[in-house]
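Below is one structure, written out as structure tokens; the observations come after it.
Nothing in this text is a laboratory measurement; each read-out follows from the coordinates by a stated rule. Here the structure is a predicted model, which means the values were calculated and not measured. Note: ideal-geometry Cβ built from the backbone for every residue, glycine included; neighbour counts use all protein chains shown.
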């Protein structure tokens, strides 16, 4: 097997999702993922500490990109709008070109209680990072926490719709709809 092949992370993601679909998450081994990707186990472990992290590898990049977009965005926007704008920009950058892969990942996570729990933890950490970024922009801590939590609820609702079979609109278009539904619910 060659020592280096391009796109190792993407190939590991794809191989893992194929195997999780075929055999289930629990029955799939790191060795099988590496073999399917045409890589070694050592290469796998150079990128991920365990097979769960294949599914959560984008979390750090997502957090970094969102915090950056919030920090550099128009600071005249209200906090919730600032976060929703950042989420739309980051969704275009990280998710749209990987829609099939992200949708498959979502199905695997949803089907496994341990992975759902891990996803909730990652979402909680992301919410805290968003609140901290808003606070850095000058938002008071309570408003920052509420805006971050509300934006995450809207994002999760939009993401659920985005991953449904037959849905073709980009996540960027679904976010404002979800936010409007949330605003209507709160004002009723």
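Helix 79-94 axis versus longest C-alpha principal axis of the chain: approximately 30°, rounded to the nearest ten. The label-point distance for residue 187 and residue 120, in a model that sets each label 7 Å from Cα toward Cβ, rounds to 3.2 nm.
What do you get for the angle between helix 58-72 and the principal long axis of the chain? Use alpha-carbon atoms, 0 to 90 degrees, nearest ten. For 58-72 against the chain, the angle is about 30 degrees. Inter-label distance, residue 180 to residue 92: 1.9 nm, where each label sits 7 Å from its Cα along the C-beta direction. With respect to the chain, whose longest principal axis is taken over its alpha-carbon atoms, helix 171-187 is tilted by about 40°. Highest average first, the peptides 151-158, 139-146 ordered by how many other beta carbon atoms sit within 10 Å of their residues are 151-158, 139-146. Across the range 41-110, the relative contact order, built from alpha-carbon pairs under 8 Å that are at least six residues apart, equals 28 percent. The shape of the range 1-116 can be summarised by an equivalent ellipsoid whose semi-axes, obtained from the alpha carbon gyration tensor, come to 31, 16, 11 Å from longest to shortest. Legend: calculated FRET efficiency, residue 111 to residue 9, from the Cβ-Cβ distance at R0 = 30 Å, rounded to 0.05, equals 0.85. Once you sort the root eigenvalues of the Cα gyration tensor of the range 8-54 as a ≥ b ≥ c, which label holds: rounded (a/c under 1.5), prolate (a/b larger than b/c) or oblate (the other case)? Judged from the Cα gyration tensor, the range 8-54 comes out prolate (a/c at least 1.5, a/b above b/c). Once both labels are positioned 7 Å from their Cα atoms along Cα-to-Cβ, the gap between residue 68 and residue 168 label points is 3.2 nm. Using a/c under 1.5 as the rounded threshold, could you call the range 87-150 rounded, prolate or oblate? The axes a ≥ b ≥ c are square roots of the C-alpha gyration tensor eigenvalues, and prolate needs a/b larger than b/c, oblate otherwise. Because a/c hits 1.5 or more and a/b fails to exceed b/c, the range 87-150 counts as oblate. Give the residues of the range 155-188 whose amide nitrogen is closer than 17 Å to a point set 7 Å from the Cα of residue 81 in the direction of its Cβ. The answer is 175-184, whose backbone nitrogens lie closer than 17 Å to the label point.
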